[in-house]
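The values are calculated or read from the model by the stated rules, or taken from the named source; none is laboratory data. Keep in mind that this is a model prediction, so the values were computed, not measured. Here the Cβ is made from the backbone with ideal geometry for all residues, glycine too, and neighbour counts use every protein chain on show.
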Amino acid sequence: MTTPDLVRLGRRTLLGAVAGAGAGLALTACGGTSGPPQAGPATGKGGAEGYDGPNVELQYWNGLTGGDGPVMKKLAQKFMDAHPKIKVTTTSIAWADLFQKLPAAVQSGRAPDVCLMHTADIATNAARRVVQPIDDVVAGAKLSADDYAELVWKATFYQDKQYAIPLDIHPAGLYYNKKVLTQVGADPTKPPTTKDEFLAVLDKCKSKGVKGYWVSALSVGGLVAQSMIFQNGGYMISDDGAKTGFGDQPAIDSITFFKSLIDKDYSPKNAAGDGDWVSFSNSKAAFMINGPWMVTPCKQAKGLDWGCAPIPVLGSQEQTWAGSHCFTLPRQTNQDKNKATAARVFVNWMSQNSVGWAEAGMVPARKSVRESAEFAQYTEVKQFEKMIDWAHFPPNVPGAGDTDPEWTKAISLAVTGKKPIDQALKDAAQKGDQILAANQKKYGG
Amino acid sequence: MSGRITGLAGPVRSPLRHHHPVTPYLFVAPYVVLLLTFLVGPAVFGVWMSLHNWDFMLPGKPWVGLQNYRDLFDSSSVLFHPFWNGMKNTFLFVLMSVPFLVAIPLGLALLLNRKFRGRTFFRAVVFTPFVLGVAVVGLVFGYLFDPEVGLVNGILDGVGLPKVSWLSTQPQAWITITVMTIWWTIGFNAVIFLAGLQGLPEQLYEAAELDGAGRWSQFRHVTVPGLRNVFLFVVTTTILASANLFGQPYILTKGGPGDSTTTAIMAMTNEGLRGFRMGSAAAMSYVLALALAIISVANFLIMRERKPS
Amino acid sequence: MTTTSPITGAGPGASDPASTEPGGPARRRRAYSRTRVGPLTYVAMTVISLIFILPLLWMLLTTFKTESDARSIPIRVMPSEWTLRAYRLIFDDAANPVYTWLINSLVVSVLHMVLNVVVAAMAAYALSRMTFRGRNLLFGTLIATLFMPGFIFFMPNYLTMSKLGWLDSYWALVVPGAAGAFGVFFLRQFFLAIPRELEESALIDGANSWTIFTRIMLPLSKPALVTLAVLSFLGAWNDFVWPVFVLFSPDRMTLAPGLATLYGAYTTDYPVVMAGATLAAIPVLILYVVVQRYVIEGVANSGLKG
């Protein structure tokens, strides 16, 4: 999900913001058989051999409508400089709209040549035959799981076929405000790593009249509460896609914990959806739990003295919510061979040269890039890299995101106290399971 | 409303056929093709869709019978909340907007019906927003009502009043959407009312004046009854238009805060074109249509009954 | 969605079978507008006009401001420095080609208007002047569709567009809406009220149906045709929900979905957003000034009973 969505939250639609915060929620339902996969054109060894055909123009879609959009455009420009025969036209459409338009574009034979999406979206789009398998790119470029973090590599598969090349990983981490920590008498060089340490700092804040960590009923259900659910050993959706974990103990414990922060005055009541960012950036709160895309806004915020670190372990395991952007090749009804080759060259190059993408706060997915000297200078993003093995990705089942609204609604009811926590979550689980069952039938058919 | 529909197809007097027997079919053919392809066909096909779990990208479209309809009325189903929330919001908007969208244009029309220099100009000015289109108007209002830098809050701030978050709290978001709708469409109804006023025979007013009727009494006893048909037309079409609310919240609030300005049409498109459950989306559209039909008929009957003897 | 009602979004739809007679009532009776007018009326009208004009002026003024001027609190009415930055940004932004959208909108609305008027006039002529098998069935169907709101055709027509390959094309905006029965019904009512003498004498002169239609009926029906044309144009022009979903390429969008994306892309940069709105508005305003009389009369006639 893109940063600025969260930043803008107060200003515009909450719906968009909830979709933003909830990209991590994305996932769902059930395996099954999809239509016959499209045979990829076996040209140019999956883009490994470069492109020397006639001039082509590629359409490249992504959902980067915020501050990360220009970073991506810069990368695409670098690619074009290196490949004068390939012109890449980048179109940024808000994610929610992108996934409405992409299937229609595929159906009407006007699909873009390359599309960026989250790994959470792969299964849905693979099952619906919106994107094509790209085993040939992988084979041609001689890529293997060893080149990437294992979890993110696995997240690009659907039914034993690979559909995407990962670009980045963006796990949730902890941001701490050094000024506030100093002010309340906590050590600004030692951010908390456990629940007890976290609460100890919040106590210090409270004693100084500072609301240390802002919890919003509108956004806490996103990566924040989910990270703790994973740490508690729970899941949002089970690996077989048959069941939600909304009503299970790990989820109930997580929501109970975050609601208690409000009840115990560590957080104000009725915080806005982006209250954590607004309070943090104005040095009114000690912490913010968020993705690495907030690194750039933090750097740009005037007078903010901050640091970031791995997320504290609030549960029993080292786990965190994570998302990943990856490149997919939408299905083409009339595949132009040259474009097919050029698209593969593009994807391959982007994956190899993804260090520039760290500019947007993202941790490159490719190992060789992460080990490069160039990446080492992104010290803040490096903090997030530490959590690569903690990353929790959604299971590869289609219908991703269909259960999000039920979860979001339940969190809002539970955290504002309009419904008892376990009842709200159990209700959501019941409806979520219904959705999953319906999806199982749909995608299985 | 339907007074002119005499018989079914109206009178055709001439017993002589003065055209080739194929000619009429050639005349109606283009329209009939369109009618069958885009109205009659879809009306039937939509029912068929609504009986399936229909995703146009998937080969399998499981038959679900009446399940989609049952779900709409089953509070434990996942369709229930989005649909009825949309219906409620749409209904709310109709209730909020229609009185203003009828009363203000009528007042404007009464003003414009006076004889004065420049009234053609004023009439044109009032109609202007409508030709700009909802998108332009939406952008302008998005800026005017921006909670931080908008002109409206700037003025409130300037006179020492607190700023209002026009788009992210309720009922402010509804107020903003209603104000925008009024500003945008007021001219349309005003022009129709004005035409109605200008069609009223002057003798009636003269007679009323002779009877010593004052302005108000003339309005009540001449203008209002004279405009009855125009009223019926305006109210009916305005209700239908308001029930189709989509563009204003789409631009201004994206259906928020929460889902409080998510309208029935939004619920339908979310379900069908974002969630790719076109079957249940089609079911939603039929239920909404039925509700509207009931409202229209009721409206028609109410306005008819008040006909003075 | 434009299937039945020429005006969607808001503004009266057309599921009401309104009708106009040749000549129009306004011509038969003199307008009642004797009321004396004092200065108060002018004050009132000026205030009202300002309510309509000021937001548009504000839009225009903002386009010449810097981003920080447009965001300044307290409000800064005049720009501290005049700049064309917003326009430069808009013209350089290939992803948001406002002029292409404007042209698309105009082309789509005009094509839709022409198709709608031509097809409806032909059908209305046959329905009002000829006897043929199936006439009652056709007329009955047509009346029935008048009472169906456009959105029930949305999902099936979306599929049809997809099957025809019309998604993301002009056709999707031009053609389906022309199936609306309002135009046929409206013109039929008008034709029925036209006396037959002229046609009968033309018949005696040996004219065929097409000649009578084009040389006699259409010229006599100008007011009704203008009304229908205006309503069709405005309907397509103001349509929002259908284009938002059937169009997706930046260069194929019309103003409605295009400006909505522009707003999303430049959220806080209001000078650019307002420049987009201004570029979209100015040609339309010029066009409106030119054809203002027809537009207003067209709309006025839509609500009149004979």
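Per-structure values
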| item | result |
| --- | --- |
| Matching option when the condition is in contact with a Lys or Arg (Cβ under 8 Å, 6 or more places away or on another chain) and either part of a helix (DSSP H, G or I) or not charged (D, E, K, R) (or both), among B:Pro147, B:Pro129 | B:Pro147 |
| Checking A:Met387 against (1) away from chain B (no Cβ under 14 Å); (2) in contact with a helix residue (DSSP H, G or I) (Cβ under 8 Å, 6 or more places away or on another chain); (3) of a type in the set (A, V, I, L, M), the condition it does not meet | (2) |
| Tally, over segment B:212-230, of residues that are surrounded by fewer than 18 Cβ atoms within 10 Å (Cβ to Cβ) and within 7 Å of another protein chain (Cβ to nearest Cβ) | 0 |
| Given (1) closer than 21 Å to B:Leu200 by Cα; (2) in contact with a Pro (Cβ under 8 Å, 6 or more places away or on another chain), index of the condition B:Val137 fails | (1) |
| Residue list for segment B:251-267, restricted to those being in contact with a Ser or Thr (Cβ under 8 Å, 6 or more places away or on another chain), among the hydrophobic types (A, V, I, L, M, F, W, C) and within 13 Å of chain A (Cβ to nearest Cβ) | B:Leu252 |
| Test set (1) more than 7 Å from chain C (Cβ to nearest Cβ); (2) not in a helix (DSSP H, G or I) - B:Phe116 fails condition number | (1) |
| Residue check, A:Ile252 closer than 24 Å to A:Leu436 by Cβ, aliphatic (A, V, I, L, M) and either touching a residue at least 12 places away in the same chain (Cβ under 8 Å) or touching a strand residue (DSSP E or B) at 6+ places or on another chain (Cβ under 6 Å) (or both) | yes |
| Whichever residue in segment C:227-272 is among the hydroxyl-bearing types (Ser, Thr, Tyr) and assigned to a loop (DSSP other than H, G, I, E, B) and, among such residues, is modelled with the lowest pLDDT | C:Thr267 |
| Those residues of segment B:173-202 which are more than 9 Å from chain C (Cβ to nearest Cβ) and not β-branched (Val, Ile, Thr), in sequence order | B:Ala173, B:Trp174, B:Met180, B:Ala190 |
| Members of segment A:244-290 that are among the small types (Gly, Ala, Ser) and buried (at least 24 other Cβ atoms within 10 Å of the Cβ) | A:Ala251, A:Ser254, A:Ser267, A:Gly273, A:Gly275, A:Ser279, A:Ala285, A:Ala286 |
| Given (1) assigned by TED's automatic domain parsing to the domain that holds B:Val224; (2) at pLDDT below 90; (3) surrounded by fewer than 16 Cβ atoms within 10 Å (Cβ to Cβ), number of the condition B:Arg17 does not satisfy | (1) |
| Neighbours by Cβ (under 6 Å, 6+ apart or cross-chain): first from segment A:304-325, of a type in the set (Val, Ile, Thr); second in a strand (DSSP E or B) | A:Ile311/A:Gly173; A:Ile311/A:Leu174; A:Ile311/A:Thr320; A:Val313/A:Thr194; A:Thr320/A:Pro171 |
| Residue list for segment A:107-121, filter: modelled with pLDDT under 90 and either outside the structural domain of A:Tyr163 (by TED's automatic domain parsing) or not in a loop (DSSP other than H, G, I, E, B) (or both) | A:Gln107 |
| Matching entry among C:Val284, C:Val289 (being among the aliphatic types (A, V, I, L, M), at the interface with chain B (Cβ under 9 Å from one of its Cβ atoms), surrounded by fewer than 21 Cβ atoms within 10 Å (Cβ to Cβ) and over 14 Å from the mean Cα position of the chain (by Cα)) | C:Val289 |
| Pairs with Cβ under 8 Å, 6+ apart, first in segment A:58-84 and assigned by TED's automatic domain parsing to the domain that holds A:Thr341 and free of Cβ contacts under 8 Å to residues at least 60 places away in the same chain, second surrounded by 20 or more Cβ atoms within 10 Å (Cβ to Cβ) and of a type in the set (Asp, Glu) | A:Gln59/A:Asp113 |
| So B:Gly275, is it farther than 24 Å from B:Met49 by Cα, without any contact (Cβ under 8 Å) to a residue 12 or more places away in the chain and within 14 Å of chain A (Cβ to nearest Cβ) | no |
| Residue within segment C:205-219 that is in contact with a Leu (Cβ under 6 Å, 6 or more places away or on another chain) and at pLDDT 90 or above present | yes |
| Matching option when the condition is out of contact with any His (no Cβ under 9 Å at 6 or more places or on another chain) and surrounded by 24 or more Cβ atoms within 10 Å (Cβ to Cβ), among A:Ala365, A:Ala358 | A:Ala358 |
| Elements of type helices (runs of 4 or more DSSP H) in segment A:160-249, at least 1 residues being more than 14 Å from chain B (Cβ to nearest Cβ) and charged (D, E, K, R) | A:178-184, A:195-207 |
| Leading residue by the ranking (surrounded by the most Cβ atoms within 10 Å (Cβ to Cβ)) among those in segment C:263-281 that are out of contact with any Phe, Trp or Tyr (no Cβ under 9 Å at 6 or more places or on another chain) and more than 7 Å from chain B (Cβ to nearest Cβ) | C:Tyr266 |
| Scope segment B:26-79; condition under 27 Å from the mean Cα position of the chain (by Cα), more than 7 Å from every other protein chain (Cβ to nearest Cβ) and crowded, with 23+ Cβ neighbours inside 10 Å; matching residues | B:Ser50, B:Asn68, B:Leu79 |
| Count of segment B:166-191 residues which are crowded, with 17+ Cβ neighbours inside 10 Å and either at pLDDT below 90 or not assigned by TED's automatic domain parsing to the domain that holds B:Val131 (or both) | 2 |
| Any chance C:Gly235 is under 27 Å from C:Met59 (Cα atoms), facing chain B (nearest Cβ under 8 Å), of a type in the set (Gly, Ala, Ser) and touching a residue at least 40 places away in the same chain (Cβ under 8 Å) | no |
| Residues satisfying the stated conditions in segment A:90-115, i.e. buried (at least 24 other Cβ atoms within 10 Å of the Cβ) and either at positive phi or away from chain C (no Cβ under 14 Å) (or both) | A:Val114 |
| Any hit, segment B:203-211, residues being touching a Gly at 6+ places or on another chain (Cβ under 9 Å) and buried (at least 24 other Cβ atoms within 10 Å of the Cβ) | no |
| Qualifying residue in segment A:176-197 (condition: on the phi > 0 side of the Ramachandran plot and not hydrophobic (A, V, I, L, M, F, W, C)) | yes |
